[in-house]
Amino acid sequence: MVGRIAAVSIVDAIAADLRSRVFSGDLGSGEALTETDIATSYEVARPTAKASIEKLVAEGLLDRGTHKTARVVDLGPESVRDIYLARAYLESEVLRRLARTKDVPQGAVQANRDIAALKSGAPLDVVEPDMRFHTSLIDAVANERISRMYRSLVGEVRLCMVRVQSLHLLDTELILAEHQKILELIEGGQGEAAAELLDEHLGRARERLVAAMGGTAGPEAEYPSGLLPE
């Protein structure tokens, strides 16, 4: 049986490559991306280069004012707080709704297994399954608009997560343990407890990243967890 291969446009392919370079740090904060440079590097026409840039601007990975050169976003402490709080509002309510029916998404279960199975120890390897864990929770409520709203944040969320991991701000074992506990609370119908743990889970990452960017961390940065041995 021959598998189906999805066709990818040139614009999407260029955007995907640029996106991966932003996430890997190859394209750093504030770095300029001109239509001419991209057209030359990828051997495409300028309209194609422009469309690729516009995709990443829409995802929040590039910033471009009117008649200005696009640059990789330079997230500051307050932007980080905005991003994390926006996702917390959506995810917390989703957890409450999943707990009402005790619906544990298998995609989230598998994502956490994938984190547990990581062998390399490279912090950045955690980002993909971690992002998949949270996205699986959102998608489990089967509301197209909620999923669309969440995905409008995904580029910026992933960028924050990459920085958290590259700076070694969170222990993988703690991420794994808190994910597992969230799933157990959903299964037990404890929506409010799951939402509270999520706030702690995201708040710790948020405030540690704020501090790493030169801001003043809130108390969430040092919240202890009872899920790991002392």
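The values are calculated or read from the model by the stated rules, or taken from the named source; none is laboratory data. Keep in mind it's a predicted model, so treat the numbers as computed, not measured. Here the Cβ positions follow ideal geometry from the backbone for every residue, glycine too, while neighbour counts run over all protein chains shown.
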Looking at segment 20-63 only, could you name the residues that are out of contact with any Leu (no Cβ under 7 Å at 6 or more places or on another chain) and under 23 Å from Met149 (Cβ atoms)? Glu54, Lys55, Val57, Ala58, Glu59, Gly60, Asp63
Working carefully through the options Asp63, Asp82, Asp26, find the one that is free of Cβ contacts under 8 Å to residues at least 24 places away in the same chain and either buried (at least 18 other Cβ atoms within 10 Å of the Cβ) or closer than 23 Å to Arg204 by Cα (or both). Asp82
Do the conditions hold for Leu170, that is, is it in a loop (DSSP other than H, G, I, E, B), crowded, with 20+ Cβ neighbours inside 10 Å and of a type in the set (A, V, I, L, M)? yes
With the requirement that a residue be more than 25 Å from Pro77 (Cα to Cα), in a helix (DSSP H, G or I) and not polar (S, T, N, Q), what does segment 180-225 give you? Lys181, Ile182, Leu183, Glu184, Leu185, Ile186, Glu187, Gly191, Glu192, Ala193, Ala194
Does at least one position in segment 17-33 carry a residue that is more than 23 Å from Leu209 (Cβ to Cβ) and not in a helix (DSSP H, G or I)? yes
I'd like to check something: does segment 169-186 contain any residue that is at positive phi and at pLDDT 95 or above? no
Among the residues of segment 125-153, write down those that are in contact with a Gly (Cβ under 9 Å, 6 or more places away or on another chain) and in a helix (DSSP H, G or I). Arg132, Phe133, Thr135, Ser136, Leu137, Asp139, Ser152, Leu153
